[in-house]
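No lab work stands behind these numbers, since they all come straight from the coordinates. As the structure is a prediction and not an experimental result, all values here were calculated from the model. Cβ placement follows ideal geometry from the backbone for every residue including glycine, while neighbour counts extend to all protein chains displayed.
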Amino acid sequence: MTAHGFPCNRVRRNPRRAARRVRREPRRAGGSRGFTLVEILVAIVLVSFGVLGFAGLLEVIGSTEAEQTWRAKALFCAQERMEELAFAFVSGEAVTAEGREDLEYGPYRGMRREWNVSDSGLFEGLLQVDVACAYPWKGARKSVGLSTLVFPQGDGTE
């Protein structure tokens, strides 16, 4: 019996009729089941924008990495000259007050080093040493500089 008090009728299904029923997917408005040419073209355009954007990003990353390599080399170049000057002052060797050298060989090839030694103005005998190293970048020169204070053992300037 059902909830309304009617007797339950057993539903009989004909197995032949059930086999004939094929479940079909709802048809699209155009009647086809695949992608349209417009959808494929839009997908290709979107993917190509993504690939081109990624290629541009790789170019920017490569350029930045190359410039940072030059900058690091320039810092080492300036630091090397700074240490040479500091050692000369501590050991009492004669040092030129200012100078410039173009480096044509070795790891710093293509760079230009410049240095200047002057009174610091803070204490008597205390010297300020400035070293700059310029490197070529895209047709121009970029420069990196270091500065320190040195108290020489003797009169180290010429």
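Couplings 3J(HN,Hα) of the range 115-125, computed from phi: 9, 8, 10, 9, 5, 7, x, 7, 9, 5, x Hz, in residue order, whole Hz [Karplus 6.51 cos²θ - 1.76 cosθ + 1.60, θ = phi - 60°; x for Gly and Pro].
For the range 37-150, the alpha-carbon coordinates run over 83, 33, 21 Å along the three principal axes, in decreasing order. Projecting the Cα atoms of Gly106, Thr64, Gln79 onto the charge dipole of the range 58-133, computed from C-beta unit charges around the Cα centre, puts Thr64 farthest toward the positive end.
Could you work out the local net charge near Asp102, counting Lys and Arg as +1, Asp and Glu as -1, over the other residues with Cβ closer than 11 Å to its Cβ? So the environment of Asp102 carries a net charge of +1. When Arg100, Arg81 are arranged by Cβ crowding within 10 Å, least crowded first, meaning fewest neighbours, the order is Arg100, Arg81. Here Cys133, Cys77 are placed in order of increasing Cβ neighbour count within 10 Å, fewest first, which gives Cys77, Cys133.
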